[in-house]
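The values are calculated or read from the model by the stated rules, or taken from the named source; none is laboratory data. Because the structure is predicted, anything quoted here is derived from the model rather than measured. When we count neighbours, we look across all protein chains shown, and the Cβ atoms used for this are built from the backbone with ideal geometry, even at glycine.
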């Protein structure tokens, strides 16, 4: 409940300051437009559109998700948070905020993508949905803990994608594979190994984040 | 009965290769106002932050007890009220909204009578519906006291409490110190002689710099 209250505070703050939402919306539009312009009238393969979808999602996440902690650090309100809540509450609240943001962002990207790219056709919708949900959880968890780490650093903007890349790489690779399977029309049962990898990634990242956050948050 | 006590055992802090202070040992208890003095850069704020659990000491131990029960570091924020020049509230919210969110995140009910009295004491009643962005630095400092006292804490740490305040603001703080000093444990880190005149004991951080 306390974490939900922190999420509500962040959400209300976001609606007033438009810190992350504007950055994300602009980034999504610009990236998709660049891809559309670079392709022109050429017809690209199905698998390539699937790969590009996750490229757009990765870089969009990099442009907006660090705000959860960076905005607190920039406004000097980190100390205020330390004085009102336990570290686990803060992490849970920020994670909830990033989860909502990731889901909204990725739903918007996928809808835009499906409308603009003819070759992006998902044959196995249930498999894509499972990959999409588990992938979003993984992106939100990883980007929240990385945001907490880089918020203390001086070169936040550069460090975020650099530090995120190796941590998100196994997740993105698995998601690429599952998107390919979903395009081929494979069933969920045929892809259980990849789905298990995603579940393991989410559980490991979530556990490690809660264990690490105490140390990151203090000092 | 409000019985809060804290013990510092050989607390030292080193930043890189610079020794801030060494082997501070002391005991503090409810019903007293303690002072931390020292010149600029002597480590007053560092000691205040260590006591508040915001940073760790390089060595030594701090124990917080409430009614003889040890307070775990992750729960310390429930017992602590902290004011300092480097504390910032949310500029995009009004004073009331700030307090509403803080109470919700703390998991407590807002005590409207207490909050209204504090707004009255700090002369902010007619500005409580304004966003903090429009507040002056003195008004923001007054607001920090309301934030620190909203949840009726047993330990109050005021780092440079009268900075940015006009005479009326200082008077409000002194009135508060007198009241809170009777029932709670209050610690003031300051260079102002008037601030320190409220303290029953003053710790000079300068004396703990000898290697």
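Residues that are more than 24 Å from residue A:97 (Cβ to Cβ) and surrounded by fewer than 18 Cβ atoms within 10 Å (Cβ to Cβ) are absent from region A:203-212. Residue count for region B:106-122 under the criterion of being part of a helix (DSSP H, G or I), under 19 Å from the mean Cα position of the chain (by Cα) and either within 14 Å of another protein chain (Cβ to nearest Cβ) or closer than 16 Å to residue B:140 by Cα (or both): the result is 5. Scanning region B:150-179 for residues that are in contact with a strand residue (DSSP E or B) (Cβ under 9 Å, 6 or more places away or on another chain), under 28 Å from residue A:85 (Cβ atoms) and free of Cβ contacts under 8 Å to residues at least 40 places away in the same chain yields one hit, B:173.
One line per residue, one yes/no per condition, for (1) crowded, with 18+ Cβ neighbours inside 10 Å; (2) away from chain B (no Cβ under 14 Å); (3) farther than 20 Å from residue A:144 by Cβ:
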position	(1), (2), (3)
A:39	no, yes, yes
A:54	yes, yes, no
A:81	yes, no, no
A:95	yes, yes, no
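On inspection, residue B:55 qualifies as within 20 Å of the chain's Cα centre (by Cα) and over 21 Å from residue A:4 (Cα atoms). Within region B:54-98, the set of residues being part of a helix (DSSP H, G or I) and within 11 Å of another protein chain (Cβ to nearest Cβ) comprises B:73, B:74, B:75, B:76, B:77, B:78, B:97, B:98. Residues of region B:67-82 that are under 17 Å from residue B:28 (Cα atoms) and modelled with pLDDT under 90: B:67, B:68.
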